[in-house]
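Just below is one structure, and these are the notes that go with it.
The values are calculated or read from the model by the stated rules, or taken from the named source; none is laboratory data. The model shown is predicted, which means the values in this text are computed figures rather than measured ones. Here the Cβ positions follow ideal geometry from the backbone for every residue, glycine too, while neighbour counts run over all protein chains shown. Heads up: the accessible areas ignore ligands, DNA and RNA and are worked out on the full protein's heavy atoms, side chains in. Shrake-Rupley method; radii C 1.70, N 1.55, O 1.52, S 1.80 Å.
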Amino acid sequence: TKYWKIDKIKDDHKIAMEEAAQLIKDQEVVAFPTETVYGLGADATNEQAVAKIFVAKGRPSDNPLIVHVADEHQIEQYVTSIPDIARNLIKAFMPGPLTIILKSNGKIAKNVTAGLDTVAVRIPDHPIALELLRSANLPLAAPSANVSGKPSPTKADHVFHDLNGKIAGIVDGGATGVGLESTVIDCTSEIPVILRPGGITIEDLKQVIGEVMLDPALTKTEDQPKAPGMKYNHYQPDAPLWLINGDANFFQDQINQLVEAGKKVGVMGSVELKSEIQAKMIISCGTRQDLKDIAIHLYDTLRAFKQTDVDIILCETFVETGVGQAIMNRLNKAATRKITQD
Ligand code: TXA
Ligand code: MG
C-alpha cells in the first residue's frame, strides 16, 4: 500500500495527487479524505475496479456505494434527470456532506448501485478529494474506508489499521471535518426521504426544500430500512457497547454493578459526564454544549477502546437535535444493548 502524507503547504502534493489519480485510472482502489470520513475510491464506471472495494472492505455486494463527483455537470452525466428539488439541494449544500439519490441512466457500473435503478451521488467538500476527482477525471465510487462493520475512519491511521496491504494507496490529509458520514436523501419520490441522517441536518434541509420525510426505519426499529446498507451491523468497537439513558447517578449504578460482577468497564461520554462519575477508564468525546464536537470525535473514541482491555463500553445518550440525530443513529447501530432509567 502506497502512503502519501499531504501537507497543503508543501509542493510535493501535486505529485502525490497525480500518482494517486494514476492508480485510480489503472483500476486500483485508493483511500482519500473527505470532509465527512475517509473514502475508499475506485472508478465508478469500471466493474472490476469497483469489485476491489467490496473485497478490501469485506462489504456485502447488495449494499450500494456513493458516487463522488467534482461538480453538478458531472452529476448530470450519470442520471436521467435532476428534479427541481434536487437542483435546489445541490445549489444549497454541494460541495458538502449531502448525498442525493436520483434515477440512474445506467452509465455507472452495476455493482456500484447493487443493481438498483437509482444512484447515490455527492460532491465532497475537501480540497484533496476534489483534486483527486479532477486529476483522475472519473466519478469515484467510495464507501467509508473501514473494514465492514467497524467505525468509519476519521483519520488516515484508522484506514491504515483496517486496510494496509489490502489496497493500492492511502492519501493522508489529516483528520476529517464533520466526523460522521453524509446525509443520504432520496429525491426520486415527490417528497424527498432522508435515508441516513448525517452532516446536513433535517432542520437545514427543511429550510431549503420545505417538506422532507424521515425513512420510517430511522424511527421504528422493527421496520426494514430502505437504504440497503442500514440493515447491517455497523460502527462496532472491539468490546460490546451499551447505551445508558439516564442521569449521572443512574450511570454510576450501571458501572458499579458491572464492576462488582468482575467486568472491566470503559466509559465513553462527554466531558460533563466525565466530571460527574467515577470509573477506571473514561474516554471523553467532547462537550454536550457542542454536538458537532461530539460528532468529530465519535468514531475515533469508539476506536480508542481497542488499545484498552475493557470487557464492556458504557456510553451516554445525546439529545437528538441538529447533528445529535446522526450521532444517536450511529450509536444505536453500534450498541448491543440500551438501558433506560425509569
Ligand atoms: O460521507 C459519506 O457519505 C462517506 C464518504 C466517504 O463520502 N461515504 C459513505 O459511503 O458513507 P457508504 O458506502 O459507507 O454509505 C453509503 C450509504 C449506504 O447506507 C447505502 O446503503 C446508501 O448510501 N446508498 C447508496 N446507494 C443507494 C441507492 N441507490 N439507494 C439507496 N441507498 C443507497
Ligand atoms: Mg460505511
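Data table
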{"read-out": "Residue list for the stretch 119-161, filter: away from ligand 2 (no atom under 16 Å from the Cβ), farther than 17 Å from A20 by Cβ, in contact with an Asp or Glu (Cβ under 8 Å, 6 or more places away or on another chain) and open to solvent by 20 Å² or more (accessible area, probe 1.4 Å)", "value": "D125"}
{"read-out": "Qualifying positions in the stretch 52-77 - in contact with a strand residue (DSSP E or B) (Cβ under 9 Å, 6 or more places away or on another chain) and surrounded by fewer than 21 Cβ atoms within 10 Å (Cβ to Cβ)", "value": "K52, Q74"}
{"read-out": "Residue among I167, I194, I200 that is assigned to a loop (DSSP other than H, G, I, E, B) and either acidic (D, E) or farther than 27 Å from A239 by Cα (or both)", "value": "I200"}
{"read-out": "Qualifying residue in the stretch 227-245 (condition: modelled with pLDDT of 95 or more and among the charged types (D, E, K, R))", "value": "no"}
{"read-out": "Odd one out for S135 among (1) more than 16 Å from the chain's Cα centre (by Cα); (2) farther than 30 Å from K10 by Cβ; (3) of a type in the set (S, T, Y)", "value": "(2)"}
{"read-out": "Residue match in the stretch 248-262 (condition: within 20 Å of S152 (Cβ to Cβ) and out of contact with any Lys or Arg (no Cβ under 6 Å at 6 or more places or on another chain))", "value": "no"}
{"read-out": "Filtered residues of the stretch 1-43 (kept if within 25 Å of P97 (Cβ to Cβ), in contact (Cβ under 8 Å) with a residue 12 or more places away in the chain, open to solvent by 30 Å² or more (accessible area, probe 1.4 Å) and in a loop (DSSP other than H, G, I, E, B))", "value": "K8"}
{"read-out": "2 or more residues among the hydroxyl-bearing types (S, T, Y), within 16 Å of ligand 2 (Cβ to nearest atom) and on the phi > 0 side of the Ramachandran plot: qualifying helices (runs of 4 or more DSSP H) within the stretch 223-339", "value": "none"}
{"read-out": "Lone unmet requirement of (1) within 16 Å of ligand 1 (Cβ to nearest atom); (2) at pLDDT 95 or above for C285", "value": "(1)"}
{"read-out": "Residue in the stretch 90-112 that is near ligand 1 (Cβ under 10 Å from one of its atoms), open to solvent by 10 Å² or more (accessible area, probe 1.4 Å) and of a type in the set (S, T, Y) present", "value": "yes"}
{"read-out": "Matching residues in the stretch 230-266 - criterion: being among the small types (G, A, S) and over 17 Å from F305 (Cβ atoms)", "value": "G246, A248, A261, G262"}
{"read-out": "Inter-residue pairs, beta-carbon under 8 Å, first farther than 15 Å from R122 by Cβ and in the stretch 190-207, second of a type in the set (D, E) and surrounded by fewer than 12 Cβ atoms within 10 Å (Cβ to Cβ), 6+ apart", "value": "I191/E211"}
{"read-out": "Evaluation of I170 against (1) closer than 21 Å to Q27 by Cα; (2) open to solvent by 10 Å² or more (accessible area, probe 1.4 Å) (one fails), failing number", "value": "(2)"}
{"read-out": "Long-range neighbours under 7 Å by Cβ, at least six apart or interchain, first residue farther than 22 Å from L133 by Cβ within the stretch 75-91, second among the aliphatic types (A, V, I, L, M) and assigned to a loop (DSSP other than H, G, I, E, B)", "value": "none"}
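Yes/no matrix, rows are residues, columns are (1) among the polar types (S, T, N, Q); (2) within 16 Å of ligand 2 (Cβ to nearest atom):
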position	(1), (2)
N164	yes, no
E190	no, no
R196	no, yes
I200	no, no
